[in-house]
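S.K.: Dumping the structure here so I can ask a few things about it.
Laboratory data are not the source of any read-out in this text; all were calculated from the coordinates shown. Predicted model, so just to flag it, every value in this text is computed and none were measured. Glycine also receives a Cβ, built like all others from the backbone with ideal geometry; neighbour counts cover every protein chain displayed.
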Amino acid sequence: MDYNHLADLLFPDVTETPADMEARYPARQLPEGAKVTRFAPSPTGFVHFGGLFPTTVAERLSHQSGGVLFLRIEDTDAKREVPGAAEGLIKTLARYGIHFDEGAILDSEGKVADHGDYGPYKQSLRGPIYHVFAKQLVREGKAYPCFTTEEELEELQQVNKKEELKNTDWEAQAASRRAEMLKSREITLEEVEAHLRAGDPFVLRILSDGDGEKRVKATDLIKGNLDIPENDEDFVLLKSDGIPTYHFAHAVDDHLMGTTHVIRGEEWLPSLAKHLQLFRYLGFKLPKYMHIAQIMRLDENGNKKKLSKRDMGANMDDYTRMGYSPEAVCEYVMTLLNSNYEEWRMQNPDKPYTDFPFNIKKMSVSGCLFDFDKLNDVSKNVLSRMDAAQVTAGVTDWAQQFDPEFGALLARDSAYAEQIFAIGRGGKKPRKDLATWADAKPYMGFFYDELFALEEGYDEKFDRADIKATLARFLESYDEADEMTVWFDKVKDIARSLGYADDMKAYKADPTAFKGSVADISMFLRVAVTGKQNAPDLYTVMHILGRERTEARIKAMIERIG
Ligand code: GLU
């Protein structure tokens, strides 16, 4: 076979060579050890938690090493493309600290546009580049055309599907596929010419030199040394419309774009043998691979299941809606990614997570478990470290979008909101009341008369006369200028006067000697002022509300009791 001739027949318009491509995309000039990583999504929809995960690894490894993170849009499957998905994806990732240095990023009008010297970064625009390498492979006898029409292919797929349904002999199927391949391998130049003259479409297949009985060694930076069967399948490089498959595009793009670390989902691991073969055929240096295990979750019965696209918490937009701050989500992702992260955080409570020395060796080999309880825990810690202004801004922004009435109340007087969120903040042991911005309303809504609501059932086990007396006596002696200790002494006085213990120790020693304790008296006041049995420090609450509103609420309660 005259392969040069075959190559010219198949790719008459391709005049450039791989050397031209290498010249157009020279090796990057980066400091020693700098990593070049990428996120390579298919623009088919929202960002999945399982997508943020490897992307955070890519972001950390590149930026931590002074390297480059770029975004490549893998849109070779036009049927699956969702318009606007790429834009949405870039914005979502930006919320979670993923900023691309290069690639298909947004221009000033919010449209996806190329930025960088290694583009185009959208695979659909790289057709001619793939064809240069495809032609070279044909020239070297490493790839060949297969003139099976779309219809024939579809038919084959139908047959395969039926066979799958019947769950018949896989080996027989593989053997029949191989026979098909071998037949195509023997195509003659004359046959090719005849097909091309007739305008028949073809796919380009690799001519595999592998032996499925033999094994090849590979390294995965997370899983370690691998020993996998060689690829013996003449897999497709170019589809009949000339568009590359994932395998071919991966090799050409990651080579020309200078990717040093391919960080991708574990579902690509079974294809690794194909990629090893392809890089070897093309004479490309192999990048380092990291295959990230699927995120798992626990189902109702406590069994581990894959976090599927439909599960709560899979879509990154869920977090926005639920009111998780991006900082908290990033923090959670870091705790999942590196086993020593939480320890580092304890020692470095105030540093940004980007200061943490991310380490591939500390990654879990078997995969991580997604868990809302843990996320909430992490989130409470993160929010407790924020200052009042940050929390006010976070809650207000969230509420304006998802709870506009509440949002309007907060925005009406942000200095007031900030006073509220300042309660218990700062110091060694900040309050951890909020896991999400959405938790704010139940926690502090009572500060707004519009949202004040009385919790039911608090008074059932108490003497209503005692409640009323407490409130009345408090009003008699209340002085807003009192220091906290003076204020509390007055509350104790009321307790004593009503036969309640003013000292918790005394009460615990002999509860039967009292009607209750000063804690109950405080509770009567708390419920009157906040509507709730659980609320932040009452002395502070009263000061923020101001004397007038405090007294008005207490009076309203007295009237209610009647
Ligand atoms: N487009 C592929 C995917 O979305 C990219 C895999 C990779 O990172 O190489 O799964």
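S.K.: Got a sec to turn the phi values of region 209-219 into Karplus ³J(HN,Hα) couplings, 6.51 cos²θ - 1.76 cosθ + 1.60 with θ = phi - 60°, whole Hz, x for Gly and Pro?
M.R.: 9, x, 10, x, 7, 9, 10, 10, 8, 8, 10
S.K.: Next question. With θ taken as phi - 60° and the coefficients 6.51, -1.76 and 1.60, list the Karplus ³J(HN,Hα) couplings across region 244-257 in order, rounded to whole Hz; mark glycine and proline as x.
M.R.: Ordered by residue, 3J(HN,Hα) equals x, 7, 3, 4, 5, 4, 4, 5, 5, 5, 5, 5, 5, 8 Hz.
S.K.: Next up: Using helices alone, I'd like the mean residue ellipticity at 222 nm for the chain: each DSSP H run of four-plus residues gives -39500 (n - 2.57), total over residue count, nearest 500.
M.R.: Only helices count here, giving -14500 deg cm²/dmol.
S.K.: Using amide H atoms built in the peptide plane, which far-off residues or other-chain residues are under 5 Å from LEU369 H to H?
M.R.: Close amide H contacts, sequence-distant or interchain: MET296.
S.K.: Once phi is turned into ³J(HN,Hα) by the Karplus curve 6.51 cos²θ - 1.76 cosθ + 1.60 with θ = phi - 60°, what whole-Hz value does each residue of region 361-367 show in order, with x for glycine and proline?
M.R.: After applying 6.51 cos²θ - 1.76 cosθ + 1.60, I find 5, 8, 8, 6, 6, 8, x Hz.
S.K.: How tilted is helix 372-385 with respect to the longest principal axis of the chain? Cα atoms for both, answer in degrees (0 to 90, nearest 10).
M.R.: Orientation of helix 372-385: about 60 degrees from the principal axis.
S.K.: With N denoting the number of residues in region 218-265, provide Rg(C-alpha) divided by 2.2 N^0.38 Å, to two decimal places.
M.R.: Dividing the Cα Rg of region 218-265 by 2.2 N^0.38 Å gives 1.39.
S.K.: Once both axes come from the Cα atoms, what is the angle between helix 85-95 and the longest principal axis of the chain, in degrees from 0 to 90, rounded to 10?
M.R.: Tilt relative to the chain: about 50 degrees.
S.K.: Please sort 60-73, 546-559 by packing, taking for each peptide the average over its residues of neighbouring beta carbons within 10 angstrom, highest first.
M.R.: 60-73, 546-559
S.K.: Continuing with the same structure: Using the 10 angstrom Cβ neighbour count as an exposure proxy, how do MET386, MET444 rank, fewest first?
M.R.: By the 10 Å Cβ count, ascending, the order reads MET386, MET444.
S.K.: Also, quick follow-up: Give me, ordered by chain and number, the residues 5 or more places off LEU237 or on other chains with an amide H under 5 Å from its own placed amide H.
M.R.: Under 5 Å from the amide H of LEU237: LEU204, ARG205, ILE206.
S.K.: Given H placed 1.01 Å from N in the peptide plane, which residues other than close sequence neighbours of VAL36 have an amide H under 5 Å from its amide H?
M.R.: VAL68, THR260, HIS261
S.K.: Now for a separate question. Report the net charge of residues surrounding GLN294, where surrounding means a beta-carbon distance below 13 angstrom and charges are Lys +1, Arg +1, Asp -1, Glu -1.
M.R.: Net charge around GLN294: +3.
S.K.: Right, something else. Could you work out the local net charge near PHE39, counting Lys and Arg as +1, Asp and Glu as -1, over the other residues with Cβ closer than 11 Å to its Cβ?
M.R.: In short, +1.
S.K.: In a Debye calculation with equal point scatterers on the alpha-carbon sites of the chain and no solvent, what is log10 I(q)/I(0) at q = 0.07, 0.12, 0.13 Å⁻¹?
M.R.: Normalising to I(0) and taking log10 leaves -0.59, -1.19, -1.33.
S.K.: Here is a follow-up. With an 8 Å cut-off on Cα pairs and a minimum separation of 6 or more residues, tell me the relative contact order of the chain in percent.
M.R.: 11
S.K.: For LYS428, which lysines qualify as cross-link partners when the Cα separation must be under 27 Å and same-chain residues fewer than eight apart are set aside?
M.R.: Answer for LYS428, where 27 Å is the Cα cut-off: LYS351, LYS374, LYS380, LYS441, LYS505, LYS532, listed by chain and number.
S.K.: May I pose another question? If contacts are Cα pairs under 8 angstrom and at least 6 residues apart, what is the relative contact order of region 288-359 in percent?
M.R.: Once divided by the residue count of region 288-359, the mean separation gives 14 percent.
S.K.: By DSSP, what percent of the beta bridges with both residues in the chain are antiparallel, rounded to the nearest 5?
M.R.: Here the antiparallel bridges make up roughly 55 percent for the chain.
S.K.: Which links in LYS35/LYS362; LYS217/LYS274; LYS429/LYS555 stretch past 24 Å when you go from one Cα to the other?
M.R.: LYS429/LYS555
S.K.: With just the Cα atoms defining each centre, how far is region 374-447 from region 97-137? Give it in Å.
M.R.: First find each Cα centre; the distance between them is then 41 Å.
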